[in-house]
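Student: Questions regarding the structure given below will be posed in turn.
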Amino acid sequence: MKGLLATIAELHNSPEPNFVLPSASCLIQARECLIQTLPEIGLGVPKVTKHLMEEIAPGFNASSRSSNYYGFVTGGSTEAATLADNLVTAYDQNVQVHLPKETIATEVEDRALSLLCELLKLDPAQWQHRTFTTGATASNIIGLACGREYVIAEAAATRNSFNVSVGQVGLFEAMHQAGLDEIQILTTVPHSSISKAASLVGLGRASVKIVGMEGSPHKFDMSLLEKNLQVPGTASIIAISCGEVNSGQFATSGMDEMRQMRKLCDTYGAWIHVDGAFGILGRTLDTANYAEITRGCEGMELVDSITGDGHKLLNVPYDCGFFLSRHKDLAQNVFQNPNAAYLNAGPAGDTILSPLNIGIENSRRFRALPVYATLTAYGSAGYREMLKRQINLARSIASFVLSSSDYELLPQLSKPTEEVLATIYIIVLFGAKDEELNKNLVQMINATSKVYVSGTAWNGKPACRFAVSNWKVEVARDLSLIKNVLESVAQEWKASKTKF
Ligand SMILES: *Cc1c(COP(=O)(O)O)cnc(C)c1O
């Protein structure tokens, strides 16, 4: 029998699966095959290989393997990234301490991060606190932890109290020394993980405050923002959704606004964190046809920290996120392993920091290698082309929805079609005009087993969402399938209404 690795390689090269969800019976069967208790005598590798491939894997969905999976923003895995990821497992490097005489792993990680900065048009020299994480949630936790460290130290400095560190003395003592009663996170439409991160770093979910514009909730109301920054005894972290997950909309709209925000934050000692899990890749685009998106990503070089995801639009396997900050000195205040001299960095002049002192984990997977491989395999032009293809598919879906008498695009904008389409990034939010169909829409689309979409809500009503995030999408091929599915669902619904 073939080994597992050969089977995996074959799987990767096999044609795309048509059916993205396992049938109910596949799931039941896979569930029934699960080994119930730990065997005293192991089954052995050949038996387990067969068990995994023939009994368990049929119960998986094809979320990364099929470009017709549009649920959530899952991404896929490029060929280069997939190969590298298998190498990561085979070599099992622990990328926690920078040991340049023993392994090149930390140097690969740092280089991958610097290539990533280049992809995002950020100067690697400016973003020296950089690390790979398990995902955007972990990066948001790091961002808020660094922000907390910074804003408290800034507030303390205004009272001539220097080097106050939450990492050292804890939140209560540090706030006391800084004369602060409160830390708030000012944002517009944040991802849920911002609240989770706020809870984890001791600020609390209630510290997340919305300062969105009336009528354009994704955008910052700058005067409301300034009013909040001025509150005495309160320090602030601003969290920008550079690409909001439900709608794909960007929270800021260009360089002027970013300069203004930077100036306000410098005046009031605030920190700007950007959650750019998938939106930050918009910086790879050129302006022609994508001006609305590039504007939403403009000025990110002025912020303090940035969250990004590898396992979304970068199309590397789970789990991979990244974090970038311009405050190298803060990193070790927050994340150091104290009194562990043997964990310290390499020789003098070496600028690479040991990952365990600048991020959450100590022992870590070598998740940098797939990023290094995929960036070098396809280059910035390759990534730009992949992203354009994904945006163009999303816009084609949106255009079809706009022209359809059965469906409506959300949010409903009273603008000319061209302008509406120009705001579409990779997410298409829509619903059915018929309210009853709308309630059943996600289920009916997914029941076709041709494409998969996820359900959400918009203005208190159920809504449906295409999230295009797979490097393999092809506009003409995938649009025709999607059109067929949406048209047949609407027809099926109408037919069922006329029957009695
Ligand atoms: C997906 C997403 C997250 C969470 O990312 P994980 O990788 O699942 O931790 C955070 N913020 C935004 C904007 C996202 O799209």
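The values are calculated or read from the model by the stated rules, or taken from the named source; none is laboratory data. Everything numeric here is computed off the predicted structure, so don't read it as measured data. Cβ sites come from the backbone with ideal geometry, for glycine too, and all protein chains shown count toward neighbours.
Student: Any chance you could count how many residues in the stretch 123-153 are away from the ligand (no atom under 16 Å from the Cβ) and either in contact with a strand residue (DSSP E or B) (Cβ under 7 Å, 6 or more places away or on another chain) or outside the structural domain of Val95 (by TED's automatic domain parsing) (or both)?
Tutor: The number of residues fulfilling the criteria is 8.
Student: Pairs needed: first member in the stretch 97-118, more than 22 Å from Glu301 (Cβ to Cβ); second member anywhere, at pLDDT 95 or above and among the acidic types (Asp, Glu); C-beta distance under 9 Å; at least 6 residues apart or different chains.
Tutor: Matching pairs, first to second residue: His98/Glu107; His98/Asp110; Pro100/Glu107.
Student: So, of the residues in the stretch 186-203 that are touching a Leu at 6+ places or on another chain (Cβ under 9 Å) and more than 14 Å from the ligand (Cβ to nearest atom), which turns out to be nearest to Leu229 (Cα to Cα)?
Tutor: My answer is Leu186.
Student: Checking the conditions here, which among Ile293, Ile280 is closer than 16 Å to Ser241 by Cα, in a helix (DSSP H, G or I), of a type in the set (Val, Ile, Thr) and within 11 Å of the ligand (Cβ to nearest atom)?
Tutor: Ile280
Student: Look at the stretch 448-478 and say how many of its residues are among the aliphatic types (A, V, I, L, M) and farther than 25 Å from Ser77 by Cα.
Tutor: Going through the stretch 448-478 one residue at a time, the tally reaches 2.
Student: Looking at (1) without any contact (Cβ under 8 Å) to a residue 60 or more places away in the chain; (2) outside any strand (DSSP E or B); (3) aromatic (Phe, Trp, Tyr), which one does Phe400 not meet, given that it meets all the others?
Tutor: Going through (1) without any contact (Cβ under 8 Å) to a residue 60 or more places away in the chain; (2) outside any strand (DSSP E or B); (3) aromatic (Phe, Trp, Tyr) one by one, Phe400 breaks only (1).
Student: A follow-up question, please. Can you report the number of residues in the stretch 247-271 which are crowded, with 19+ Cβ neighbours inside 10 Å and either within 16 Å of the ligand (Cβ to nearest atom) or small (Gly, Ala, Ser) (or both)?
Tutor: Result for the stretch 247-271: 8.
Student: Going residue by residue through the stretch 42-64, is there one that turns out to be in contact (Cβ under 8 Å) with a residue 60 or more places away in the chain and assigned to a helix (DSSP H, G or I)?
Tutor: Taking every residue of the stretch 42-64 in turn, none turns out to be in contact (Cβ under 8 Å) with a residue 60 or more places away in the chain and assigned to a helix (DSSP H, G or I).
Student: Answer yes or no as to whether Ala145 is under 28 Å from the mean Cα position of the chain (by Cα) and surrounded by 14 or more Cβ atoms within 10 Å (Cβ to Cβ). Step through it out loud before you land on a result.
Tutor: Working: under 28 Å from the mean Cα position of the chain (by Cα): yes; surrounded by 14 or more Cβ atoms within 10 Å (Cβ to Cβ): yes.
The answer is yes for Ala145.
Student: While we're looking at this one, here's another question. Can you pull out the residues in the stretch 111-122 that are away from the ligand (no atom under 16 Å from the Cβ) and either of a type in the set (A, V, I, L, M) or buried (at least 24 other Cβ atoms within 10 Å of the Cβ) (or both)?
Tutor: To start, the set of residues in the stretch 111-122 that are away from the ligand (no atom under 16 Å from the Cβ) comprises 111-115, 117-119, 121-122.
Ala112, Leu113, Leu115, Leu119, Leu122, listed by residue number.
Student: Pick from Glu149, Glu118, Glu154, Glu173: which is modelled with pLDDT of 95 or more and touching a His at 6+ places or on another chain (Cβ under 9 Å)?
Tutor: Glu149
Student: What is the residue count in the stretch 421-440 for residues that are in a helix (DSSP H, G or I) and closer than 22 Å to Glu474 by Cα?
Tutor: 2
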